1. Would you point out which residue out of R85, R2, R51, R79 is without any contact (Cβ under 8 Å) to a residue 12 or more places away in the chain, over 12 Å from the mean Cα position of the chain (by Cα) and either surrounded by 12 or more Cβ atoms within 10 Å (Cβ to Cβ) or in a loop (DSSP other than H, G, I, E, B) (or both)?
2. Is it the case that some residue within region 59-67 is exposed (fewer than 13 other Cβ atoms within 10 Å of the Cβ), assigned to a loop (DSSP other than H, G, I, E, B) and at positive phi?
3. How many residues does region 22-41 contain that are part of a strand (DSSP E or B), at pLDDT 90 or above and of a type in the set (A, V, I, L, M, F, W, C)?
4. Say whether the condition of being surrounded by 13 or more Cβ atoms within 10 Å (Cβ to Cβ), touching a Lys or Arg at 6+ places or on another chain (Cβ under 9 Å) and at pLDDT 90 or above is met by at least one residue in region 5-13.
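The values are calculated or read from the model by the stated rules, or taken from the named source; none is laboratory data. Not measured: the values here are computed from a predicted model. Backbone-built Cβ (ideal geometry, glycine too); neighbour counts: all protein chains shown.
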Amino acid sequence: MRDPRVGFVTITGVAVSPDLRSVRVFVSVLGAPEARRASVDALNSAAGFFRRSVFKVLRLRHAPSIAFELDESLDRGERIEETLRKIHQDEAARAGDEEE
């Protein structure tokens, strides 16, 4: 897909309905929050293109509807990791103070 609004996108997960009629694609996008939202919006505006492509390749009876969603789990994981790092640094600093 050639769209200047789409940045560096990584597919992090896919959820398919049991009847194969709808697909949710979770993506992670590098960049500022505005750029992330613009990339997801561009992908959703091109959903028809992806729908036709999937339909042709998989030869399904019905073409599934495709929706792209921003996967923010990586960002949450980074925040948790940073918080744990700070806790460990604080504990190490307190342990160093107690030894003196």
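1. Values: R85 fails: either surrounded by 12 or more Cβ atoms within 10 Å (Cβ to Cβ) or in a loop (DSSP other than H, G, I, E, B) (or both); R51 fails: without any contact (Cβ under 8 Å) to a residue 12 or more places away in the chain; R79 fails: either surrounded by 12 or more Cβ atoms within 10 Å (Cβ to Cβ) or in a loop (DSSP other than H, G, I, E, B) (or both).
It is R2.
2. Quick first cut of region 59-67, residues exposed (fewer than 13 other Cβ atoms within 10 Å of the Cβ) only: 59-62.
Restricting the remaining residues to those that are assigned to a loop (DSSP other than H, G, I, E, B) gives 59-62.
Okay, now just the ones that are also at positive phi, so 59.
Among the residues of region 59-67, at least one is exposed (fewer than 13 other Cβ atoms within 10 Å of the Cβ), assigned to a loop (DSSP other than H, G, I, E, B) and at positive phi, which makes the answer yes.
3. Going through region 22-41 one residue at a time, the tally reaches 4.
4. no
Conditions tested, residue by residue: (1) polar (S, T, N, Q); (2) modelled with pLDDT under 85; (3) farther than 21 Å from L20 by Cα.
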position	(1), (2), (3)
A47	no, no, no
L58	no, yes, no
I80	no, no, yes
K86	no, no, yes
